[in-house]
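Structure first, commentary second.
The values are calculated or read from the model by the stated rules, or taken from the named source; none is laboratory data. Only a predicted model underlies this, so the values are computations on that prediction, with no experimental measurement involved. Here the Cβ positions follow ideal geometry from the backbone for every residue, glycine too, while neighbour counts run over all protein chains shown. These accessible areas exclude ligands, DNA and RNA; they are computed on the full protein's heavy atoms, side chains included. Shrake-Rupley method; radii C 1.70, N 1.55, O 1.52, S 1.80 Å.
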Amino acid sequence: MRIDAVTRISDVQQLLRSLHLKARDSSEGRVALLVAASRRNRRILAEYGDLLSADLPLTTGPILAALRQDRDPGANGIVVL
């Protein structure tokens, strides 16, 4: 699983384009976006939830559980820490 980290989300569409390009050019099958748990980021995640969940359907809990068990989470997702 490829993990990309973002401390501050500014442009959601650009972020998704960047993730798509990295996923396309990578041999990794899955992508997890690690996002800092700031108020601003949480507000943006809530505001653009529908757009983001189309490409990143899993949330923090299922992704971390899969990683703890050393297994594929089954989909891409967002981890907020």
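Brief remarks follow.
- When a 1.4 Å probe is rolled over the protein heavy atoms, the share of accessible surface on the chain that falls to carbon and sulfur comes to 50 percent.
- The stretch between R68 and H20 holds 14.7 nm of extra length on full extension. This uses 0.36 nm per residue minus the Cα-Cα distance.
- Pair M1, A36: separation of 7 Å Cα→Cβ label points (nm): 2.2
- Longest exposed-site-free window of the chain, the sites being trypsin sites (Lys or Arg not before Pro) in a DSSP loop that have at most 10 other C-beta atoms within 10 Å: 9-70
- Across region 10-34, the residues whose backbone nitrogen lies under 11 Å from the label position 7 Å along the beta-carbon direction of E47 are 10-12.
- In a simple Cβ point-charge model (Lys, Arg +1; Asp, Glu -1; nothing else charged), region 23-64 has a dipole of about 260 debye relative to its Cα centre.
- The residues of the chain have, on average, 64 Å² of accessible surface per residue, using a 1.4 Å probe with all protein chains present.
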